[in-house]
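The values are calculated or read from the model by the stated rules, or taken from the named source; none is laboratory data. Since the structure is predicted, the reported quantities are computational estimates derived from the model, not experimental observations. With ideal geometry, Cβ positions are generated from the backbone for all residues, glycine too; neighbour counts draw on all protein chains shown.
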Protein chains: 2
Amino acid sequence: MPSSRPRLVMKFGGTSVADLARIQNAALKVQKEVKNGFDVIVIVSAMSGKTNELVGWVNETAPMFDAREYDAIVSSGENVTAGLMALTLQEMGVTARSWQGWQVPLKTTSAHGAARIEEIPTDNLDKKFDQGIKVAVVAGFQGITEDGRITTLGRGGSDTTAVAFAAAFSASRCDIYTDVDGIYTTDPRITAKARKLEKISYEEMLELASLGAKVLQTRSVELAMRFKVRLRVLSSFENQTDNSGTLVCDEEEIMENSVVSGVAYSRDEAKMTLVSVADRPGIAAAIFTPLAKAGVNVDMIVQNISEEGRTDMTFSCPTDQVKRAEAAMEEAKNSGEINFHGLIADQDVCKVSVVGIGMRSHAGVAAQMFEALSDEGVNIKVITTSEIKVSVLVDRKYMELAVQALHDTFGLEKAA
Amino acid sequence: MPSSRPRLVMKFGGTSVADLARIQNAALKVQKEVKNGFDVIVIVSAMSGKTNELVGWVNETAPMFDAREYDAIVSSGENVTAGLMALTLQEMGVTARSWQGWQVPLKTTSAHGAARIEEIPTDNLDKKFDQGIKVAVVAGFQGITEDGRITTLGRGGSDTTAVAFAAAFSASRCDIYTDVDGIYTTDPRITAKARKLEKISYEEMLELASLGAKVLQTRSVELAMRFKVRLRVLSSFENQTDNSGTLVCDEEEIMENSVVSGVAYSRDEAKMTLVSVADRPGIAAAIFTPLAKAGVNVDMIVQNISEEGRTDMTFSCPTDQVKRAEAAMEEAKNSGEINFHGLIADQDVCKVSVVGIGMRSHAGVAAQMFEALSDEGVNIKVITTSEIKVSVLVDRKYMELAVQALHDTFGLEKAA
C-alpha cells in the first residue's frame, strides 16, 4: 500500500553538490518540496571533480581496463554524495536515508561502463516511505547486473537514473538541477537575445540535446518521452518559483507551438568528401556499410550529380571519428569494394540547426533559413532535414553569425 | 569442491596502498605469492588520507551523525583501492577481481561504526577460485547487516577483516603488510638495541597490542588466537624473504619461550586518585560501577591501607576519559553513593610493561623489574600484573629511561 503523498524526483549534478555548502543548498530545496507535500527521491552525482579523479586513476593503472572494475571504482563518488546528502537532510530535521544502486536494487544490463536500466523494483523504497521516510537519496549513475556486479550508465547517466526513477515511482515531475537555469532558444554566449523557454516538447529537446545543447543527456530525454515523465531543467544556484527553469513535456501540454523553438550548433563536425567515386547501383551501401562497421556515426550525406560514371560523395561525422573513417575507406578501397580518387577531410566546419515542432504544419522554414544565411553571405555546404529540424554545415568562421541571423529571422527573442 | 591450491590472505594498510605506485608495489608481492602456488585473498584499506577526508566531511555535515550513513560514506575508500588493486594485478597478467563487503557478503552485527563480523560465506569466492581466478581482492573494514545496510568495523578494522577471511578460508597464513617490518622487543625509537622478534605468541601480542604497540588491532589478534590463524606482520616497503617480519602464532610453535619478550609503554594513561574515601564494605563497587557505566576503561586499581575509616583509592584510565571519570565521580558523590574529599587527576604519568609468556614458569620477573627501576631512581606509582605481564605507572619523564633499563635488564637485545 504505497504512501499517498505525491512523488517528486530531484536530481542534482556534480556542480550542484560540489562541496558541503552546495550540498546544504541543494538539501534546502529538497526540504522545501517535502514541506510542499511531496515524498522526494533525490538522485545525486559525485561531487564535481571526484569522478574525473577516479577515472584518471583507472586509466593510469590500466589503459585497457576491465570495465567491471572501472564501474566498481568510479561508482564510489556517487555513494559519498548520497550519504552526505542524507546526513544534511537529517540535520535539517527531514527523515532521509541513502541508497546505493545495489540496495535499491537498480537492475541493469551487463554492458559495463554504458549499462542500460532494465528494472527498478519499487518495494524497498515504498516500504520506507510508508514507514515515514520523506526523502530517499539514491546514488545516481549506477546499478547492478543480475550476478551482482556494479555497473555504471555512462557519463551523465545520473539524468537517466532520475528519469527512470520518476517513471518507476509515477512521480509528478522530475526536476533536473544543474548549473544553467533552463533551455534557451540558443546559446546565450552567442547572442544576448537568447530567451529561456518556459516549455519545450520532448521531440524538440531530443533534437537540441543531440545537436549539442549539452544540458540533458539524450538517453534521459528519450526515456522521459517514452514514459511521459515531465522533466524540468533548472538552476540549483537560484531561488525557484513555479515558473523556474524549462519544462520538457509532451507537445500537447504546450498550448501554442512555435514554428521554430531554437537554434542549435555543433563545432564537433567534420565534412568528408570521397572524390570521384566510381558510381554504380549499390555504391552508397558499399561506402556506408564499412563506415558503420568501423563505428563511425555518419550524420549528413550528399551525393553529387554523377558525370561520366563518377560522382563525389560527401558525408559528415564527429571530428574524433575522422581517422577511423579514413582508415575504413582506405580498407574498402584496398579490398576493391569501392573506388575513388581521393578523400578530403574538412574539419573547419560546423553544424547549425533550427528546431521546431511547428515545422510539421508550417512549410517554408527551410527556404526562410537558406535565405537568411544567403543574406549574410554564408555558404551552405551540406543540408539535412528531419520532420522538425533543418541542419546545415557551414564554414566554422560563420558559426556565430549564422546562429545570430537565424535567431533573428525566426523572431526567437520574443515569446510565441 | 574447493580449489586445491593452498590459500593465503595478504592485507595491505593505508600507507601500503597510498598511491598508484604503492599499489603496484603491493601487487608485485601478491603476484609472487600466486607464483608460489597460492590462491590469494587480498584485503585492502583505503588509500591513506582518504578515510580521514570522508570522516571530516561527515563530521562537518552532522556532528551527531547517523552511523548508518557514516558507514555508507566512509566505506567507499576501500572500494576504490580494491578495484585499483584488481586492475593492477590484471595488468600483470594475474586473474583477479574485486569484491565489496556486500558482494561477499561479509555479514556483521548492526552496530554501525563498530560492527562485529558474524559470518563470511565462502561459496562466492570459492566458485571464482574454482573457475580459475587467482586473486580475490576484498575491500576491508566493511560488511553488511541482515537488512542490507553497510557497516564498518571501526578504525583499523581491515586487520580484523583479514584474519576473519583467513579463518573462513582456512588460509595457510595471514600476512599483514604495514609500514614497519615486524614486532620489536620495544620501540626502536627509544632504544637502538630493540630487536625484531621472529615469532611471538598470540597472548604476548595481545598484551603488547593493548599496551600501545600499535602495529595490530587488538581484535584481530584475539580473532587470530581463537581460530589459530598464523599471522605475519611485515613491511610492504622491503623485499621479503621467508624469515621476513614477525610471525604471531600459537606458543607451541615457538620452540624456546623467552621469559620476557618485550617492553611496551603507553603515554596515554592518567592516574586518578580519590582522596580520603569513606571506607566501607562495597566501596569498590560503588566507585567502579558508575565509572563503567560512564564508559571509562579503568586499567589499574590500588587501594591504600585504611586509616580511621578512610582510604585513598587510585586508578588509571586513558587520558581522553579523565573528564568523563571526573563527571561520574562527582555525580556519585552528589547522589550520596560515595563520599570523598577530593579527586586528583595526574596526567603526567605513563605505563611501562614487560610481557613474556615465559613468566608463567619463571618467578621473580616482577622483583627484577622493580629492582632495575629502583637502580635508576624511577619511582613506581601503581603496579598491576597478569599471568604474562607486569605493568607499572611512573612519571612520564622517566618513560624512555625505564624502557631502556628494562630492555637491558632482561637482555632483550639478544635472541633467546
Conditions (1) polar (S, T, N, Q); (2) more than 19 Å from the chain's Cα centre (by Cα); (3) within 25 Å of B:A27 (Cβ to Cβ): number failed by B:S158: (2)
Criterion first (loosely packed, with under 15 Cβ neighbours inside 10 Å and modelled with pLDDT of 90 or more) does B:E331 satisfy it? yes
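Going by what's in this entry, would A:V138 be described as under 16 Å from A:M10 (Cα atoms) and more than 13 Å from every other protein chain (Cβ to nearest Cβ)? Even if it seems obvious, please write down each step before you answer.
Details: under 16 Å from A:M10 (Cα atoms): yes; more than 13 Å from every other protein chain (Cβ to nearest Cβ): no.
For A:V138, the condition - under 16 Å from A:M10 (Cα atoms) and more than 13 Å from every other protein chain (Cβ to nearest Cβ) - is not met.
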Among the residues of the stretch A:77-86, is there at least one that is among the acidic types (D, E) and either closer than 21 Å to A:A27 by Cα or outside any strand (DSSP E or B) (or both)? yes
Test result for B:V229, at pLDDT 90 or above, surrounded by 18 or more Cβ atoms within 10 Å (Cβ to Cβ), in a loop (DSSP other than H, G, I, E, B) and within 20 Å of the chain's Cα centre (by Cα): yes
When (1) touching a Leu at 6+ places or on another chain (Cβ under 9 Å); (2) more than 9 Å from every other protein chain (Cβ to nearest Cβ); (3) under 14 Å from A:I150 (Cβ atoms); (4) not hydroxyl-bearing (S, T, Y) are applied to A:V58, the one that fails is (2)
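Any residue that is surrounded by fewer than 17 Cβ atoms within 10 Å (Cβ to Cβ), among the polar types (S, T, N, Q) and either out of contact with any strand residue (DSSP E or B) (no Cβ under 8 Å at 6 or more places or on another chain) or modelled with pLDDT of 95 or more (or both) - is there at least one of those in the stretch A:48-59?
yes
With on the phi < 0 side of the Ramachandran plot and either in contact with a His (Cβ under 9 Å, 6 or more places away or on another chain) or modelled with pLDDT of 95 or more (or both) as the only criterion, which of A:D175, A:D179, A:D250, A:D187 stands out?
Result: A:D175 is the single residue among A:D175, A:D179, A:D250, A:D187 that is on the phi < 0 side of the Ramachandran plot and either in contact with a His (Cβ under 9 Å, 6 or more places away or on another chain) or modelled with pLDDT of 95 or more (or both).
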Scope the stretch B:245-265; condition in a strand (DSSP E or B), outside the structural domain of B:D181 (by TED's automatic domain parsing) and touching a Phe, Trp or Tyr at 6+ places or on another chain (Cβ under 8 Å); matching residues: B:G262, B:V263
Which condition does A:E330 not pass, out of (1) touching an Asp or Glu at 6+ places or on another chain (Cβ under 9 Å); (2) charged (D, E, K, R); (3) farther than 30 Å from A:A415 by Cβ, if it passes all the others? (1)
Which condition does A:G113 not pass, out of (1) more than 9 Å from chain B (Cβ to nearest Cβ); (2) at negative phi, if it passes all the others? (2)
Filter the stretch A:1-47 down to residues that are in a loop (DSSP other than H, G, I, E, B), of a type in the set (G, A, S) and at pLDDT 95 or above and give me whichever is surrounded by the most Cβ atoms within 10 Å (Cβ to Cβ). A:S45
Condition broken by B:N124, with the remaining ones in (1) under 22 Å from A:A67 (Cα atoms); (2) more than 14 Å from chain A (Cβ to nearest Cβ); (3) surrounded by fewer than 18 Cβ atoms within 10 Å (Cβ to Cβ) satisfied: (2)
Would you pick out the residues in the stretch A:61-81 that are over 22 Å from B:Q103 (Cα atoms) and either touching a residue at least 60 places away in the same chain (Cβ under 8 Å) or at the interface with chain B (Cβ under 7 Å from one of its Cβ atoms) (or both)? A:T61, A:A62
Which listed residue is buried (at least 20 other Cβ atoms within 10 Å of the Cβ) and of a type in the set (D, E), from A:E207, A:E198, A:E222: A:E207
So, in the stretch A:349-375, how many residues would count as being assigned to a loop (DSSP other than H, G, I, E, B) and either without any contact (Cβ under 8 Å) to a residue 24 or more places away in the chain or surrounded by fewer than 16 Cβ atoms within 10 Å (Cβ to Cβ) (or both)? 3
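Yes or no, residue by residue, for (1) assigned to a strand (DSSP E or B); (2) under 17 Å from A:N79 (Cβ atoms); (3) touching a strand residue (DSSP E or B) at 6+ places or on another chain (Cβ under 6 Å); (4) among the small types (G, A, S):
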{"site": "A:S110", "(1), (2), (3), (4)": "no, no, no, yes"}
{"site": "A:A114", "(1), (2), (3), (4)": "no, no, no, yes"}
{"site": "A:D126", "(1), (2), (3), (4)": "no, no, no, no"}
{"site": "A:F129", "(1), (2), (3), (4)": "no, no, yes, no"}
{"site": "A:G132", "(1), (2), (3), (4)": "no, no, no, yes"}
{"site": "A:V138", "(1), (2), (3), (4)": "yes, yes, yes, no"}
{"site": "A:D147", "(1), (2), (3), (4)": "no, no, no, no"}
{"site": "A:G154", "(1), (2), (3), (4)": "no, no, no, yes"}
In the stretch B:314-357, how many are within 29 Å of the chain's Cα centre (by Cα) and under 24 Å from B:V392 (Cα atoms)? 26
Going by the structure shown, is A:A164 hydrophobic (A, V, I, L, M, F, W, C), surrounded by 24 or more Cβ atoms within 10 Å (Cβ to Cβ) and either modelled with pLDDT of 95 or more or not in a loop (DSSP other than H, G, I, E, B) (or both)? yes
Number of the exception - A:S48 against (1) facing chain B (nearest Cβ under 10 Å); (2) more than 20 Å from B:D66 (Cβ to Cβ); (3) without any contact (Cβ under 8 Å) to a residue 40 or more places away in the chain; (4) touching a helix residue (DSSP H, G or I) at 6+ places or on another chain (Cβ under 6 Å): (1)
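Report, by residue number, each residue of the stretch A:82-110 that is β-branched (V, I, T), more than 9 Å from chain B (Cβ to nearest Cβ) and crowded, with 23+ Cβ neighbours inside 10 Å.
A:V104, A:T108
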Give the residues of the stretch B:380-412 that are in a loop (DSSP other than H, G, I, E, B) and out of contact with any helix residue (DSSP H, G or I) (no Cβ under 7 Å at 6 or more places or on another chain), sorted by residue number. B:F410, B:G411, B:L412
Would you confirm whether any residue within the stretch B:102-111 is among the hydrophobic types (A, V, I, L, M, F, W, C) and within 24 Å of B:N36 (Cα to Cα)? no
Neighbours by Cβ (under 7 Å, 6+ apart or cross-chain): first from the stretch B:230-243, on the phi > 0 side of the Ramachandran plot and touching a residue at least 60 places away in the same chain (Cβ under 8 Å); second part of a loop (DSSP other than H, G, I, E, B) and not small (G, A, S): none
Out of the residues in the stretch B:210-219 meeting the condition of being touching a helix residue (DSSP H, G or I) at 6+ places or on another chain (Cβ under 8 Å) and assigned to a helix (DSSP H, G or I), tell me which one is surrounded by the fewest Cβ atoms within 10 Å (Cβ to Cβ). B:S210
